[in-house]
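Right, one structure below, let's go through it.
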Amino acid sequence: MSETLERIRQLVRNREVKISDHGYDELAEDGIFAKDIVSSVKDAMVVEDYPEYPNVLVGQRDGDGKPIHVVWGIPKDAISPVVVVTSYSPGPDQWTADSLKRRK
């Protein structure tokens, strides 16, 4: 289990969430709703963990059940808030069918 993801889930439960400008742009570009990524983080699966930053790329589902990727981060040397860095729909040309591993 990812300690970073557990911290992120706690911050989301506490409603300590921000979305970066880039994150908003990417959400809009792929038609992803902020409410979907916030509500589905409880079921997120770690794709790549970067505890030194601390950031984590997770696989989640949007409101229609389609796979999405979200990069969540906590500002370095801070305890809050959690920031949605970016979110996007993983493409089959770059990701395996389960959207959890990069194609080589």
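Take the residues of the stretch 66-101 that are basic (Lys, Arg) and under 16 Å from the mean Cα position of the chain (by Cα): which is modelled with the lowest pLDDT?
Within the stretch 66-101, the match that is modelled with the lowest pLDDT is Lys101.
Among the residues of the stretch 25-40, which ones are farther than 12 Å from Asp64 by Cβ, touching a residue at least 40 places away in the same chain (Cβ under 8 Å) and not acidic (Asp, Glu)?
The answer is Leu27, Ala34, Ile37.
Working only within the stretch 11-57, note down all residues that are within 20 Å of Asp77 (Cβ to Cβ), among the small types (Gly, Ala, Ser) and assigned to a helix (DSSP H, G or I).
Residues satisfying the conditions do not exist here.
For Glu26, state whether it is in contact with a Leu (Cβ under 7 Å, 6 or more places away or on another chain), among the acidic types (Asp, Glu) and surrounded by 14 or more Cβ atoms within 10 Å (Cβ to Cβ). Reasoning before the result, please.
Working: in contact with a Leu (Cβ under 7 Å, 6 or more places away or on another chain): no; among the acidic types (Asp, Glu): yes; surrounded by 14 or more Cβ atoms within 10 Å (Cβ to Cβ): yes.
Here the answer is no, as Glu26 does not meet what is asked.
Are any residues in the stretch 84-104 among the hydrophobic types (A, V, I, L, M, F, W, C) and surrounded by fewer than 20 Cβ atoms within 10 Å (Cβ to Cβ), and if so, which ones?
Residues of the stretch 84-104 among the hydrophobic types (A, V, I, L, M, F, W, C): 84-85, 95, 97, 100.
Residues satisfying the conditions are Val85, Trp95, Ala97, Leu100.
Is there any pair linking a residue in the stretch 70-85 that is closer than 14 Å to Arg13 by Cα to one that is hydroxyl-bearing (Ser, Thr, Tyr) and part of a loop (DSSP other than H, G, I, E, B), with Cβ under 7 Å and at least six apart or on different chains, and which?
Val83/Ser20
Looking at the stretch 32-46, which of its residues are surrounded by 11 or more Cβ atoms within 10 Å (Cβ to Cβ) and of a type outside the set (Asp, Glu)?
Of everything in the stretch 32-46, those that are surrounded by 11 or more Cβ atoms within 10 Å (Cβ to Cβ) and of a type outside the set (Asp, Glu) turn out to be Ile32, Phe33, Ala34, Ile37, Val38, Ser39, Ser40, Val41, Ala44, Met45, Val46.
Here are some residues: Ile68, Ile8. Which one is assigned to a helix (DSSP H, G or I) and either surrounded by 12 or more Cβ atoms within 10 Å (Cβ to Cβ) or on the phi > 0 side of the Ramachandran plot (or both)?
Matching residue, one of Ile68, Ile8: Ile8.
Can you confirm whether Gly63 is more than 14 Å from Glu48 (Cα to Cα) and in contact with an Asp or Glu (Cβ under 9 Å, 6 or more places away or on another chain)?
In short, yes.
The values are calculated or read from the model by the stated rules, or taken from the named source; none is laboratory data. As the structure is a computational prediction, the values presented were derived from the model and not from experiment. Neighbour counts are summed over all protein chains in view; Cβ atoms, including those assigned to glycine, are modelled from backbone coordinates with ideal geometry.
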